[in-house]
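Throughout, read-outs are computed from the coordinates displayed, never taken from laboratory work. Values in this document were obtained by computation on a predicted structure and should not be read as measured data. All Cβ positions, even for glycine, are placed from backbone atoms using ideal geometry, and neighbour counts span all protein chains on display.
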Amino acid sequence: MKDIEQLKSLWKSLFGDTEAFISLFFHEVVREENIRVLEEKGRILSALYMLPYPFRIWNQEVAASYISGAGTLPEAQGRGLMRRLLIDSFKEMEHRQIPLSILIPAEPWLYGFYEKSGYATVFAYNQQVYPPKDRSLLSTTGGTSPSSVGFPPKEQRLEEEGFSYKEEGVRLGEDNLQQPEDSLRYEKDGLQCGEDDLQYSENGLKYGEDAILLEKYSISDLGDSFLQKREDLMDACFSYFDQRLRERNACILHPYANFRTIVHDYAISDGKIWVALNNEHIPVGIIFTVPAGGSSFVAKEVVADSEEEKEVLLRTALNHYHASSGIYRTVVSNASSEEGQTIPFGMARIIDANKILSMWAAVNPERRLIIHLSDQLLTNNNGSYCIESGKCYKTTINEHIHAFEVLTMDIGQLAHFLIYPEQPFMSLMFD
């Protein structure tokens with residue numbers, strides 16, 4: 001039986017997480033059979049955790065083992081302990097017939113370290129700034145509530161922009177400057193500044209032609225709902241979230257128990273999860289945010305029915321953190337019209353080459369390949385693989401090889417060749 005208290009102490013010393021998160025991780029996230037350690041005289045020197053996740057790619061699902069919390073005591077580093085643990089975990093995955101391992105390096109230099117064990121950088125995200133540089137937003141810094149966060153009363157919204165609301169008209173600032181009727185018009189349904197500028201109405205805010213009707217939605221704090229045991233909302237949000245993830249080209253999925261643990265983590269930390277509900281109280285968008293330095297925020301995940309719902313959720317985060325701007329992550333897509341910075345984010349290591357190649361071959365029946373593969377750590381992967389007519393099998397060189405495209409690569413190059421073009425995405429991995 002593993003010494004959980006010693007493992008908690010090791011985690012705390014290496015990563016500096018809160019006691020609440022560490023307790024959550026060891027009670028709800030990891031199971032004892034997925035803990036790998038190296039000890040010396042009863043003292044744990046190095047540890048890692050193998051967390052199971054489904055990975056959806058090529059319209060199929062495959063089991064993946066996510067390496068989390070990999071670390072070694074400073075005084076024991078440089079002895080190759082982590083490499084030994086990785087090899088041990090690969091053998092265990094092979095035994096359990098888990099064909100893929102994934103991880104997120106904690107530091108940039110670790111990408112090179114993991115490459116030596118057969119990992120390749122295949123995961124990335126597109127980093128977007130909100131609001132875009134070419135558009136400014138009204139600043140709303142009022143208080144928030146689960147049902148109306150992001151939507152202060154009309155009088156408050158006007159006053160925060162230097163407007164005083166009066167039934168008989170509009171007064172600007174302290175000088176009571178009256179604008180000519182053709183420049184600034186108060187109407188029964190709100191404030192109108194020319195035809196192309198910002199309009200306020202009872203229905204919400206409009207930015208030119210891009211109407212963001214904020215008050216069409218109610219916003220719920222999912223962390224509070226979790227603590228209040230609102231299981232109906234939790235179930236609806238999970239179903240919606242899972243559906244949106246499965247629509248992506250390639251993505252790590254989150255089973256229901258894992259989704260609940262993520263929400264629990266955000267509920268006891270300084271993160272926030274907001275859900276946009278339509279007038280039938282059905283989820284139409286979810287955003288997962290954490291605070292960043294300088295009164296900003298990072299949205300580690302956002303899913304929404306449309307750009308309108310995404311805008312509402314991002315504006316909610318902006319208001320909550322009293323921020324002038326924030327960052328959110330999206331799937332990398334060649335077809336995307338959004339500008340942003342592509343950030344490498346995670347790595348994959350193929351454990352069972354024949355399984356992964358067979359999945360790839362099934363969706364590429366037109367390809368005819370011979371792949372000469374080498375794997376220094378898992379020798380079962382070594383050999384030549386023939387891919388034709390949607391099938392993959394090990395083969396020996398024969399006289400018909402001239403009819404095939406021939407490739408020679410190692411196991412890391414194979415992961416990059418097969419998985420990277422699918423632009424896979426992962427998020428909310430307790431990283």
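Applying a threshold of 21 Å to the alpha-carbon distances of Lys133/Lys310; Lys2/Lys355; Lys355/Lys394 flags Lys2/Lys355 as lying beyond it. Each label was represented as a point 7 Å from its Cα along the Cα-to-Cβ direction; for Ser389 and Lys8 these points are 5.9 nm apart. The ranking of Arg56, Arg246 by Cβ neighbour count inside 10 Å, starting from the fewest, reads Arg246, Arg56.
Short to long, the 5 Å bins of the Cα pair-distance histogram for the stretch 4-123 hold 2, 10, 20, 24, 20, 15, 6, 2, 1, 0 percent of all pairs. Each peptide in 415-424, 33-42 gets a packing score, the mean of other Cβ atoms within 10 Å over its residues, and the list from highest to lowest is 415-424, 33-42.
What's the Cα-based Rg to Rh of the stretch 216-343, Rh via Kirkwood? With Rh from the inverse mean 1/r over Cα pairs, Rg/Rh is 0.94. Ordering of 376-384, 116-124, 57-65 by packing is 116-124, 57-65, 376-384, highest average first (other Cβ atoms within 10 Å, averaged per residue).
Identify the GluC sites (Glu not before Pro) of the stretch 252-345 meeting these criteria: DSSP loop state and at most 14 other C-beta atoms within 10 Å of the C-beta. When the GluC sites (Glu not before Pro) of the stretch 252-345 are filtered for loop state and at most 14 Cβ neighbours within 10 Å, Glu280, Glu338, Glu339 remain.
Put in order of Cβ neighbour count within 10 Å, fewest first, the listed residues Arg349, Arg84, Arg244 become Arg84, Arg244, Arg349.
In terms of other Cβ atoms within 10 Å, Ile44, Ile87 run from fewest to most in the order Ile87, Ile44. Each of Val331, Ala361, Ser306 was scored by the projection of its Cα onto the charge dipole of the stretch 289-383, and the greatest displacement toward the positive side belongs to Ala361; charges sit on the C-beta of Lys, Arg, Asp and Glu.
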